[in-house]
Amino acid sequence: MRSALRWLPGIALLAALIAGLEWAVDAGLIRRALMPPPSAIGAALWDLLASGEFAEPLFATLRLVFAGFAIGSALGIAAGVAMGWWPAMYRLLEPLVELLRPIPKAALVPALMLFLGIGEAMKITSVALAVFFPVLVNTLQGVRGVDSVMLDAGRTHGWGTTHVLRHLVLPASLPFILAGMRVALGLALVLAVLAEMLSGQGGLGFLILDMQRSFQVRLMYAWLVILAVVGLALNTLFLLAERRALHWQPANRP
Amino acid sequence: MIGQLRNASGIGLVLGLLLLWEASARLGWVASPNWPPVSAVLAALLRDVMTGEIPTLVGGTLWRMAAGLFAGGLAGVVVGLGFALLPFVARLFAPVVELLRPIPVPAVIPPLVLFLGLDNTMKVTVVALTVFFPVLTNTVQGVRAVEADALAMGRTFGIGALRRVVFIVLPASLPYILAGFRVALALALVVTVVAEMIAGEQGVGHYLVMMQFAGRAEEIYATVLLLGVLGYALNRAFLLVERRMIHWWFALGRQSAA
């Protein structure tokens, strides 16, 4: 209750901004062709939601994000654990990773389109590539930071390598892994939207660009609102999941 | 010398993969116009650099990136100081900021095109928007980490509020602010290229898309390679500047702030 009151001024400002925008457009201060009144965008948004038209593009984009995120995270964690645990693996892969990491993944989209066309495979690969490196780097950092006393304790109990990795190293480096995955989730959405825009087909990203190019400005803003909500929801859900998974950390204890 | 030998396996792997790339293209194991040998890619890079085509494009891209970095960074520091020092300002503006933050950058390009057109203004604005958020977050963190004693001492010496901000708060939070800028720098280069790819006819991004339409694989790989080197060099250069600007932070035995 108190926290709700705390944010009251901010929410009031938001409402005032939207009302001000409505007034400015009505008064002719902003051209309707560029910025339709928020009420008109709201009506367009309502039409998309009520008719169910929003579902297909939304799920197309979400499918890309989830598939690419899952593949990129799984590979990133596997490579990070291998490099963090076996020094020989680190020496083998480190130069390659350092060479590939600074390449902007967005610039790889045109190259991937040559090979994989403009379909799902290209888009999921783009997303997975963007996710892979931050997850890898954070996993590596987490695995290297595992308390050596814990490792000794595991060895004293006669645990094998698989058991140590599964029950000790992975849980202990989970905070780092999840932090990397949180950054990667934002990147995944960016790459999914970009790949849709450049390939000229698919979900939300394509629609936003397409509506702008065909001057259906109200619909452009309506889809943009849906995409913003997706971004906000993904981030919030991940934070909640992260807090649940790390409930044993002191900072998360009630 | 021993350190170099220790890394031999890794460098061997990189060289082996490059060799495999070259062989697979030359010997027709991968028979595709999209798979030129690595030597042809390097030759294309050299050719396009020598003709001056690539340097001009890269120069334009870097200029837009720098302008966006400056504008967005300045706004991020100023708003961050406001958020951290005046709680009411934070409560007033935080909901607006938090609603805008999760929008994926490429998606703000179409509406900005409507307002600002296809050229520099739009691209610089997109970059500035991208840079704004990490710098803002880090500035707020940095100001919160300023030691209370330092501020109390300033007050004891009768230093005015504004001068305290400029001479105590800003320098003390600089390590955090710079860490935010380093994150922002990597984003800025990518986003400049993305904006160029989606709209307008400028810079490296547009060149990439053109080469893709023309099916010129060598040029595409050469450009991607160049962007990788550029990103790496920018990060290295920034680390050097950071070390110089906040040598006291490292002298205290602290690591980079983020």
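The values are calculated or read from the model by the stated rules, or taken from the named source; none is laboratory data. Treat the numbers as computed from the prediction; the structure is a model and nothing was measured. Quick reminder, even Gly has a Cβ in these numbers, built from the backbone with ideal geometry, and neighbours come from all protein chains shown.
Across the stretch B:121-130, not a single residue is classified as under 21 Å from A:Val190 (Cβ atoms), facing chain A (nearest Cβ under 8 Å) and buried (at least 19 other Cβ atoms within 10 Å of the Cβ).
Determine if the stretch A:232-243 includes at least one residue that is under 30 Å from B:Leu116 (Cβ atoms), within 25 Å of the chain's Cα centre (by Cα) and more than 10 Å from chain B (Cβ to nearest Cβ). Give the steps one after another, and end with the answer.
Pass one, the stretch A:232-243, residues under 30 Å from B:Leu116 (Cβ atoms): A:232-235.
Next, from what is left, pick out any that are within 25 Å of the chain's Cα centre (by Cα): A:232-235.
Still in the running and more than 10 Å from chain B (Cβ to nearest Cβ): none.
No, because not a single residue in the stretch A:232-243 is under 30 Å from B:Leu116 (Cβ atoms), within 25 Å of the chain's Cα centre (by Cα) and more than 10 Å from chain B (Cβ to nearest Cβ).
Restricting the first member to the stretch A:115-144 and to residues that are free of Cβ contacts under 8 Å to residues at least 12 places away in the same chain and within 13 Å of another protein chain (Cβ to nearest Cβ), and the second to residues that are among the basic types (Lys, Arg) and assigned to a helix (DSSP H, G or I), the beta-carbon pairs closer than 9 Å and six or more apart or on different chains are A:Leu116/A:Lys123. Listed here are the helices (runs of 4 or more DSSP H) enclosed by the stretch B:1-114 that have at least 3 residues being at pLDDT 90 or above and within 30 Å of A:Ala111 (Cβ to Cβ): B:8-26, B:38-50, B:53-85. Which ones in the stretch B:198-228 are part of a helix (DSSP H, G or I) and under 17 Å from B:Ala66 (Cα atoms)? Residues satisfying the conditions are B:Gly203, B:Val204, B:Gly205, B:Leu227. For the stretch A:23-39, the set of residues classified as outside any loop (DSSP other than H, G, I, E, B) and at pLDDT 90 or above consists of A:Trp23, A:Ala24, A:Pro38, A:Ser39, listed by residue number. For the residues B:Leu174, B:Leu189, B:Leu225, B:Leu240, the requirement of being at the interface with chain A (Cβ under 8 Å from one of its Cβ atoms), of a type outside the set (D, E, K, R) and more than 12 Å from the chain's Cα centre (by Cα) singles out B:Leu225. A residue that is surrounded by fewer than 17 Cβ atoms within 10 Å (Cβ to Cβ) and within 28 Å of A:Arg31 (Cα to Cα) cannot be found anywhere in the stretch B:56-71. Say whether the condition of being more than 13 Å from chain B (Cβ to nearest Cβ) and at pLDDT 90 or above is met by at least one residue in the stretch A:99-109. Within the stretch A:99-109 (the criterion being more than 13 Å from chain B (Cβ to nearest Cβ) and at pLDDT 90 or above), the answer is no, since none of the residues qualifies.
Given the condition within 23 Å of B:Thr137 (Cα to Cα) and within 21 Å of the chain's Cα centre (by Cα), answer yes or no: does some residue in the stretch B:192-203 qualify? So far as the stretch B:192-203 goes, yes, one or more of its residues are within 23 Å of B:Thr137 (Cα to Cα) and within 21 Å of the chain's Cα centre (by Cα).
Is it the case that some residue within the stretch B:107-118 is within 22 Å of B:Tyr176 (Cβ to Cβ) and out of contact with any Cys (no Cβ under 7 Å at 6 or more places or on another chain)? Outline the logic, then answer.
Step one: filter the stretch B:107-118 for residues within 22 Å of B:Tyr176 (Cβ to Cβ), giving none.
No: zero hits.
Pick out the one residue from A:Leu58, A:Leu14 that is within 13 Å of chain B (Cβ to nearest Cβ) and among the hydrophobic types (A, V, I, L, M, F, W, C).
Numbers: A:Leu58 fails: within 13 Å of chain B (Cβ to nearest Cβ).
That would be A:Leu14, the only listed residue that is within 13 Å of chain B (Cβ to nearest Cβ) and among the hydrophobic types (A, V, I, L, M, F, W, C).
Give the residue that is nearest to B:Pro111 (Cα to Cα), with candidates limited to residues of the stretch A:193-207 that are touching a Lys or Arg at 6+ places or on another chain (Cβ under 9 Å) and outside any helix (DSSP H, G or I). Across the stretch A:193-207, the extreme among qualifying residues is A:Gly203. Checked against the criterion of being over 17 Å from B:Pro102 (Cα atoms) and not in a loop (DSSP other than H, G, I, E, B), the candidates A:Val230, A:Val190, A:Val137 yield just one match: A:Val137.
Per the listing B:Tyr207, B:Tyr176, the residue uniquely among the aromatic types (Phe, Trp, Tyr), closer than 29 Å to A:Ala195 by Cα and either touching a helix residue (DSSP H, G or I) at 6+ places or on another chain (Cβ under 6 Å) or modelled with pLDDT of 90 or more (or both) is B:Tyr207.
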